[in-house]
Amino acid sequence: MAKQFKKIGILTSGGDAPGMNAAVRAVTRYAIKRGIEVYGIYEGYKGLIEGKGSIKKFAPQDVANIIEKGGTILYSARCLEFKEEAGLARATEVCREFGIDGIVAIGGDGTFRGASDLCKRGISCIGIPGSIDNDITCTDNSIGFDTAMNTVVEAVDRLRDTCESHARCNVVEVMGRNAGYIALETAIAVGATAVVIKEDLKYDEEALLEKIRAGRTAGKRNFIVIVAEGVENYSEKLAKTIQEKTGVETKFARLAHIVRGGSPSLADRLLAARMGVAAVDMLLEGRENVFVCERNGRMTAADIQEAIVIDKMYKSTFTPSVKYPTEALAAYSPEKVEEMKAFCRMRTEEVQELLTTSEDISNYR
Ligand code: F6P
């Protein structure tokens with residue numbers, strides 16, 4: 001029989017993302033509607049370890065007027081203590097003190113790992129992907145990704161105006177940690193001359209320079225090159241190289257945390273609302289150690305451990321520091337492993353298709 005929940009906690013952890021508040025609101029209001037008390041836990045797992053003073057019972061009105069707010073009203077913090085046995089034991093104790101028997105944790109893969117550790121100690125946890133990076137392989141979208149991309153598009157459109165006036169190039173570095181999704185999709189949306197992401201194993205700097213030279217010869221005034229921050233120590237250098245080797249005056253801009261703030265877009269608010277409701281439903285159905293995923297427009301649950309393995313499988317194809325999870329895969333049936341591999345192939349194909357699209361529509365002549 002599914003566990004009967006009386007009290008659940010909600011927290012946000014890791015990098016904040018626009019739409020996290022909309023998710024907090026959805027979880028709170030829907031859980032209360034289903035007869036469950038909701039406790040807001042401040043500063044993520046740090047607050048869970050601190051207990052009293054960092055945990056507050058929420059009424060529906062406590063989450064009023066937050067749907068449009070960026071950041072997270074629950075705040076976020078890095079918590080090394082939570083990775084230690086003593087920290088986890090203390091967090092479990094705090095849950096028992098408050099009578100909290102379930103937690104909805106909003107964040108990225110680090111947040112899900114924490115949730116999984118709590119599950120092992122008897123606290124049912126459900127994750128909700130909140131990260132501008134969209135780097136959680138199992139979900140098509142994470143909360144904050146759409147808003148972050150809209151912010152990039154707005155900023156780059158402005159840069160293009162001034163590039164056009166002065167006949168310049170602008171290399172723009174965007175966040176995304178190891179993932180190139182923000183760079184790739186915004187590059188298409190702003191009509192960038194080129195995009196540089198780690199996932200592009202065939203990236204050719206000389207071809208990029210040649211494209212800029214050819215564009216300039218054909219009369220093109222402005223050039224936008226988007227670089228994902230995951231391509232380490234490269235963007236600023238590339239700006240210098242472009243100027244030196246093409247003669248096109250080149251500026252450099254790192255958008256950094258600007259991309260993480262701001263009011264969430266409609267798409268992120270909608271995703272947050274749907275994921276929040278799905279997370280509570282999953283808890284009520286007796287699910288735990290899973291996170292809510294969007295797949296082909298539908299809300300579904302992904303096993304946290306399995307998702308971590310899939311993440312490693314996928315990321316190892318373009319990040320040398322990520323090792324292919326050979327040992328972890330031994331725990332799964334050959335059919336399951338094939339299924340996981342197919343999933344990673346699908347993500348690779350998706351990225352390749354976007355790269356091709358970007359290339360196919362960025363020629364000037
Ligand atoms: O994961 C979100 C993110 O903004 C990444 O894109 C970026 O690499 C990282 O967080 C920055 O982290 P911090 O806010 O700790 O500097």
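The values are calculated or read from the model by the stated rules, or taken from the named source; none is laboratory data. Note that this is a predicted model, so its numbers are computed, not measured. Methodologically, a virtual Cβ is constructed for each residue, glycine included, from the backbone with ideal geometry; neighbour enumeration extends over all protein chains shown.
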(message) For the condition without any contact (Cβ under 8 Å) to a residue 24 or more places away in the chain and assigned by TED's automatic domain parsing to the domain that holds ILE128, what is the one hit in LYS33, LYS69, LYS46?
(response) LYS33
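Restricting the search to the range 1-16, which residues are within 19 Å of the chain's Cα centre (by Cα) and either part of a helix (DSSP H, G or I) or away from the ligand (no atom under 13 Å from the Cβ) (or both)? If you could, list the steps in order and put the result at the bottom.
So the first thing to find is which residues in the range 1-16 are within 19 Å of the chain's Cα centre (by Cα), and the list is 10-16.
Residues satisfying the conditions are ILE10, LEU11.
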(request) Kindly state which strands (runs of 3 or more DSSP E) lie completely within the range 54-132 and contain at least 3 residues that are crowded, with 21+ Cβ neighbours inside 10 Å. (result) 102-107, 124-129
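Quick check on the range 114-142: of everything there that is among the polar types (S, T, N, Q) and within 16 Å of the ligand (Cβ to nearest atom), which residue is farthest from THR28 (Cα to Cα)? Give the steps one after another, and end with the answer.
Of the range 114-142, the ones among the polar types (S, T, N, Q) are 116, 124, 131, 134, 137, 139, 141-142.
Retained after the next criterion (residues that are within 16 Å of the ligand (Cβ to nearest atom)): 131, 134, 137, 139, 141-142.
Details: SER131: 20, ASN134: 24, THR137: 27, THR139: 23, ASN141: 22, SER142: 19 Å.
Filtering first and then ranking leaves THR137.
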(message) Among the numbered criteria (1) of a type in the set (S, T, N, Q); (2) in contact with a strand residue (DSSP E or B) (Cβ under 6 Å, 6 or more places away or on another chain); (3) within 15 Å of the ligand (Cβ to nearest atom), which one does ASN170 miss?
(response) (3)
(request) Just give me the residues in the range 143-167 being within 11 Å of the ligand (Cβ to nearest atom) and hydrophobic (A, V, I, L, M, F, W, C), in sequence order. (result) PHE145, ALA148
(request) Please state which one of THR162, THR147 is surrounded by fewer than 24 Cβ atoms within 10 Å (Cβ to Cβ), outside any loop (DSSP other than H, G, I, E, B) and polar (S, T, N, Q). (result) THR162
(message) Scan the range 213-224 and tell me whether some residue there is free of Cβ contacts under 8 Å to residues at least 60 places away in the same chain, surrounded by 20 or more Cβ atoms within 10 Å (Cβ to Cβ) and either within 16 Å of the ligand (Cβ to nearest atom) or closer than 28 Å to GLY70 by Cβ (or both).
(response) no
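Suppose we filter the range 98-113 for residues that are of a type in the set (Asp, Glu) and within 16 Å of the ligand (Cβ to nearest atom); how many remain?
So in the range 98-113, the residues of a type in the set (Asp, Glu) come out as 101, 109.
From what is left, the residues that are within 16 Å of the ligand (Cβ to nearest atom) are 109.
Qualifying residue count for the region: 1.
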(request) Confirm whether LYS341 is basic (Lys, Arg) and surrounded by 13 or more Cβ atoms within 10 Å (Cβ to Cβ). (result) yes
(message) Scan the range 72-91 and tell me whether some residue there is within 16 Å of the ligand (Cβ to nearest atom) and among the small types (Gly, Ala, Ser).
(response) yes
(request) Please go through the range 17-53 and pick out each residue that is assigned to a loop (DSSP other than H, G, I, E, B) and surrounded by fewer than 22 Cβ atoms within 10 Å (Cβ to Cβ). (result) ARG34, GLY35, ILE36, TYR42, GLU43, GLY51, LYS52, GLY53
(message) Test of understanding: among GLY40, GLY19, which residue is within 15 Å of the ligand (Cβ to nearest atom), touching a strand residue (DSSP E or B) at 6+ places or on another chain (Cβ under 8 Å) and within 30 Å of PHE145 (Cα to Cα)?
(response) GLY19
(message) Can you tell me which condition LYS202 does not meet? The list is (1) in contact with a Phe, Trp or Tyr (Cβ under 7 Å, 6 or more places away or on another chain); (2) closer than 27 Å to GLN352 by Cβ; (3) away from the ligand (no atom under 16 Å from the Cβ), and all the others hold.
(response) (1)
(request) Filter the range 305-324 for residues that are out of contact with any Asp or Glu (no Cβ under 9 Å at 6 or more places or on another chain) and more than 19 Å from LEU201 (Cα to Cα) and give the result. (result) GLN305, GLU306, VAL309, ILE310
(request) Can you tell me which residue within the range 251-306, out of those that are within 16 Å of the ligand (Cβ to nearest atom) and assigned to a helix (DSSP H, G or I), is farthest from THR72 (Cα to Cα)? (result) ALA256
(request) Tally the residues that are within 19 Å of ASP16 (Cβ to Cβ) and among the β-branched types (Val, Ile, Thr), restricting the search to the range 229-265. (result) 2
(request) Look at the range 310-332 and say how many of its residues are within 17 Å of the chain's Cα centre (by Cα) and without any contact (Cβ under 8 Å) to a residue 40 or more places away in the chain. (result) 1
